[in-house]
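Each reported figure results from applying straightforward, stated rules to the coordinates on display, with no laboratory input. In this text the structure is predicted, and so the values were computed from the model without any measurement. Here the Cβ positions follow ideal geometry from the backbone for every residue, glycine too, while neighbour counts run over all protein chains shown.
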Amino acid sequence: MSNILEYFFGSKEKTRILRFFLHNPEQRYNLTEVAQRNMLNRNRARKELENLHKIKFLFKKTHKGKIVYYLNQEFIFYPELKNLVAKDNMHPQSGSLDRIKNVGNVKLAVISGGFINYAKSKADMILVGDGISRAKLKNLMNCLEAEIGKEVDFVLMNGEEFKYRLNMLDKFILDFLEGPHEEVINKISWLKRFMATRK
């Protein structure tokens, strides 16, 4: 649906900025923060911010010598836009998810939360692997956050820790795996059998 929103709103920049402010309605951001957090060209981000300010979707003010932008929650179409973005399933459109396999020896990557519009999930992703590169993981998370418009809440653990926590019937992991989720990578052959015994 994100591609639909890009066509509907006219550009990737506008779509990302709309989603970003709708996901962060109480926060104030300057141009640099908006451009960096959404991985956008500064000039294009500035243009879209000003356009959104002109129609009163965003307010702006000077704070500590910098212009900051923030959401106008009284905007006439605010409830409709919030609802539209809430229905936007980000999983198929999150191209950066394909890069998870490049951060190390990833054995399991499962997503929920912001990726599939499941607000009750306590996390957006569980990542299990060994030899994970922190630098590559940080870069990946920055890309994913730019795509979904909010911080990705993820849990990282190695294979031994995951197995131990599952055998101890860790409530967080079981709730995540028994709730709505989607697998991006699963190289843990016994996991499906284990979860089947829970039903």
ask   = What is the stretch 2-86's relative contact order, in percent, from Cα pairs under 8 angstrom and six or more apart in sequence?
value = 29
note = Taking a crude spin-label model, label points 7 Å out from Cα along the C-beta direction, the residue 161 to residue 178 distance in nm is 2.3
task = Compute the relative contact order of the chain as a whole-number percentage, counting only Cα pairs closer than 8 Å that sit 6 or more residues apart in sequence.
result = 21
inquiry  = Quick check for the stretch 95-196: number of Lys pairs with alpha-carbon distance under 16 Å, counting only pairs 8 or more apart or on different chains?
reply    = 14
key: Helix 12-23 axis, angle to the chain major axis (alpha carbon atoms, nearest 10°)   = 80
request  = Please return the longest stretch of the chain lacking exposed loop sites, where GluC sites (Glu not before Pro) count only if DSSP places them in a loop and at most 12 other Cβ atoms lie within 10 Å.
outcome  = 75-199
remark   = Per the 1/(1 + (r/R0)^6) rule, R0 = 45 Å and r from the Cβ atoms of residue 59 and residue 197, FRET efficiency to 0.05 is 0.25
query = Roughly what would the spin-label model give for residue 74 and residue 42, points 7 Å off Cα along C-beta, in nm?
reply = 3.4
message = For the chain, compute Rg over Rh where Rg is the Cα radius of gyration and Rh is the Kirkwood radius from the inverse mean 1/r over Cα pairs.
response = 1.03
message = Counting pairwise Cα distances across the stretch 81-199, what percent come out greater than 20 angstrom?
response = 41
task = Provide Rg and Dmax in Å for the stretch 2-86, with only Cα atoms included in the calculation.
result = 12.0, 38
